[in-house]
1. So, of the residues in the stretch 1-54 that are modelled with pLDDT of 85 or more and of a type in the set (S, T, N, Q), which turns out to be surrounded by the most Cβ atoms within 10 Å (Cβ to Cβ)?
2. Considering each of V132, V142, V109, V150 in turn, give the residue that is modelled with pLDDT of 90 or more and in contact with a Pro (Cβ under 6 Å, 6 or more places away or on another chain).
3. Could you go through the stretch 148-171 and let me know if any residue there is assigned to a helix (DSSP H, G or I), within 30 Å of L86 (Cα to Cα) and not aromatic (F, W, Y).
4. What are the residues in the stretch 121-158 that are surrounded by 17 or more Cβ atoms within 10 Å (Cβ to Cβ) and aromatic (F, W, Y), if any?
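The values are calculated or read from the model by the stated rules, or taken from the named source; none is laboratory data. Not measured: the values here are computed from a predicted model. No Cβ is skipped: glycine too gets one built from the backbone with ideal geometry, and neighbour counts run over all protein chains shown.
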Amino acid sequence: MVGLDYVPVDREASHIDEVRSVADKPASRPIAKALPIRDDSGEFYAQFALPGMVPMLVNEDSSGAGRYQSVKDAENAARKALFGILTSRTVDTRKAGAYKRITAADFAVSLDEANITPTYFAEIYGVPYARVMMWLDGAADVPHSAHVLVKLIATEENFVKARSITERAQDKE
């Protein structure tokens, strides 16, 4: 196992807003720790990061950050998330041709500027929703063609054409 710099409970960051504001800077070392929740529940958040990565909270489901009953449970969830990152397949980030791939954050901004949801973009692009979420989460590189498409459909005329082409392709004859 990769040497994990174990970090005990951070008693200073005790509220999720404080956690998020403190976590704007990339970590200088691996982090897997429990953060107490300041609401008298006695529960904890689980936070993890690799060096150079902005620390994140473990999300148990789509409702947001997971809440854990004990320090041990939160730290285990954080370690599991960190281990998942460490053992995930490496994504090839080499340039294809003469262009550089956009970041997940830039792709998210482009979707917002185009006023299109990730679900609808996945439908127009012809990929599963989970793949678009991988691009947004940074788990996979955003393909250049997805970058081109999202920029094109930001224009109403192109969006109408893309929607029409997609609808015709989905027609069941």
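1. Only one residue tops the list, namely Q47.
2. Being modelled with pLDDT of 90 or more and in contact with a Pro (Cβ under 6 Å, 6 or more places away or on another chain) holds for just one of V132, V142, V109, V150, which is V132.
3. no
4. Correct list: F121, Y125, W135.
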